[in-house]
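Contents: one structure, followed by commentary.
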Amino acid sequence: MRLAGWMTTAALLALPTMASAQTKAPRPDQLTFRELFKELVEINTTLSVGSCTAAAEAMGARLKAAGYAEADVRVVVEPKYPREGSLVAVLRGTDPKSKPMLLLAHIDVVEANRADWTRDPFTLIEEDGYLYGRGTSDDKAQAAIWTDSLIRLKQAGYKPNRDIKMALTCGEESEGYNGIEDLLKNHRPLVDAEFALNEGADGLLDENGKEVVLEVQAGEKVYQDFTLTITNPGGHSSRPVPANAIHQLAAALSRIGAYSFPPRFNDATRGYFTQMQGRVSPPQAAAMKALVANVEDPAALKTITADPMWNAMLRTTCVATMVNAGHAPNALPQRATANINCRIFPGVAIEAVKAELVKVVADSGATVKKNRVVRLVLLCALLVLPFQRSPTSPLFPFLFSLHLQITYFFFASLWP
């Protein structure tokens, strides 16, 4: 498959950015990639003072210098958000009947206070085989790999069957403007695709630094905050009454903390726990096998959910993250609130989670309000508009086949 060669190239480009010391002098093409990566990291793209537009223009200029036509490189800027532009580019395919693929990454980064860093967060620094700088892992490495891949493919004269599109967007780390939402709503033809490849998965090393697991991510849980509120008349603290908003809120939060949403599988998580059986301890492997056979097996659940990551993979989770109560040290509180942050299993309705929370705190006097959704993560294999319930991402066998080929090529040691 011609696509396999391209994906192998992309994987190879990623290797210089990994946290492992280079044992050989970098090749010229790796140095070229490093220059691109350095430029991208060193453009401040924070919401407060940075500019995604500047980063998009810089990467667009590199694509044009490599031979891309002006019409195939677009910097899309919403007038109300002039510093939060996106870059959309396309390598034209030869078969107009084949639907495009989309390479997706975000180029905005979380705020970085220089006083909190031992190194300048907007200078790419390498020390002992590690790269330091805001965005080196989330998500400018991916953006740089995609950009460099398109440059290499153009320079090599590569002609894919399908169009290969790339979208580098802003607004993933903040809530004012969502770049991918804007592209989907207002510029859909630019990013319309059969499937998208996005960041998110991870890998595991053993105590000796040997690769043992390379993960594939097929979707994300839905982010949703709820506000829990208790109100009562209050009064003076010298005359306590049973109905104390803080006490009531504490009781409600304790119930939420003790509650577990039902466990469930989708194709991706069932596949994960099936494949991981050969990479964990015998007791964990036995528990995973039992769980795949019956997701409600109590003994298996006890073993697997002892690991916070595995627990979160099996169910919706809701946890208190902020509280606010009282207005004076000598007055009974009239109001107490808490933010409940939920990560909802793909395919589960937000309203169903709210209804479950209402039941959990039913006799505490608390109300549960769904907060405005600030983000809904784009699933890797299916483009959906934010603020909608996301269907579970389908798994494409041909993509997994290519992934296995690439993994074996670079990490043959992962195979038993």
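Coordinate-derived values only; no laboratory data. No experiment lies behind these values; they were computed from the predicted model shown. For neighbour counting, all protein chains shown are included, and Cβ atoms are generated from backbone atoms with ideal geometry for every residue, glycine included.
Take the alpha carbon gyration tensor of the range 195-234, find the square roots of its eigenvalues, order them as a ≥ b ≥ c, and report rounded if a/c is under 1.5; if not, report prolate when a/b exceeds b/c, else oblate.
Details: a/c = 7.77, a/b = 2.23, b/c = 3.48.
It is oblate, given that a/c is not under 1.5 and a/b is not larger than b/c.
Cut-off under 12 Å on the C-alpha distance; same-chain residues fewer than 8 positions from K369 excluded. Which aspartates and glutamates are left, in chain and number order?
The reachable aspartates and glutamates, counting only those whose Cα sits under 12 Å from K369, are D225, E351.
Find the all-direction average of the projected area of the Cα convex hull for the range 222-370, expressing the result in square nanometres with one decimal place. Display every interim value, and only then the final one.
Working: hull surface 40.8 nm².
For the range 222-370, averaging the hull's shadow over all directions gives 10.2 nm².
Just to check, using Stokes-Einstein with a Kirkwood Rh over alpha carbon pairs, what's the diffusion coefficient of the range 281-358 at 10 °C and 1.306 mPa s in µm²/s? It would help to have the intermediate numbers written out before the result.
Details: Rh = 15.4 Å.
Stokes-Einstein gives a translational diffusion coefficient of 103 µm²/s.
Of K38/K210; K38/K64; K80/K140; K185/K354; K97/K159; K289/K354, which pairs sit farther than 22 Å apart, going by alpha carbon to alpha carbon? Provide the component values of the computation, followed by the final result.
On the way: K38/K210 27 Å; K38/K64 19 Å; K80/K140 24 Å; K185/K354 27 Å; K97/K159 15 Å; K289/K354 32 Å.
Long pairs (Cα-Cα over 22 Å): K38/K210; K80/K140; K185/K354; K289/K354.
How large is the dipole of the chain about the Cα centre if only Lys and Arg carry +1 and Asp and Glu carry -1, each at its Cβ, rounded to the nearest 20 debye? Walk me through the numbers before you get to the answer.
Working: 43 positive and 43 negative charges, 178 e Å.
My answer is approximately 860 debye.
What nm value, rounded to one decimal, do you get for the distance between A61 and H187 when each label is placed 7 Å out toward the C-beta?
Result: 1.9 nm between the two label points.
Could you work out the pair-distance distribution P(r) of the chain from its alpha-carbon pairs, with 20 angstrom bin width and percents rounded to whole numbers?
Spelled out per bin, shortest first, that is 22, 51, 23, 3, 0.
What number do you get for the range 55-113 when its Cα radius of gyration is normalised by 2.2 N^0.38 Å, N = residues? Please list the in-between numbers first.
Working: Rg = 13.9 Å, N = 59, 2.2 N^0.38 = 10.4 Å.
Working it through for the range 55-113, the quotient is 1.34.
I'd like to know which of H247, N311, F345 lies farthest towards the positive end of the charge dipole of the range 222-370, counting +1 on Cβ of Lys and Arg and -1 on Cβ of Asp and Glu.
Toward the positive end, the furthest listed residue is H247.
Can you give the helix-only mean residue ellipticity at 222 nm for the chain, where every DSSP H stretch with n ≥ 4 adds -39500 (n - 2.57) and the sum goes over all residues, rounded to the nearest 500 deg cm²/dmol?
Values: 13 runs with 143 residues, N = 416.
After summing the helix terms and dividing by the residues of the chain, the value is -10500 deg cm²/dmol.
Using DSSP loop states and a limit of at most 10 other Cβ atoms within 10 Å to flag GluC sites (Glu not before Pro), what is the longest stretch of the chain containing no flagged site?
Numbers: sites that count: E207, E296.
My reading of the result: 1-206 is the longest stretch.
Taking Cα centroids, how far is the range 120-185 from the range 188-233 in Å?
Cα centroid to Cα centroid, the span is 17 Å.
Taking the Cα centre as origin and putting +1 on Lys and Arg beta-carbons and -1 on Asp and Glu beta-carbons, what dipole magnitude results for the range 222-370, to the nearest 20 debye?
Working: 14 positive and 8 negative charges, 25 e Å.
Its charge dipole is roughly 120 debye.
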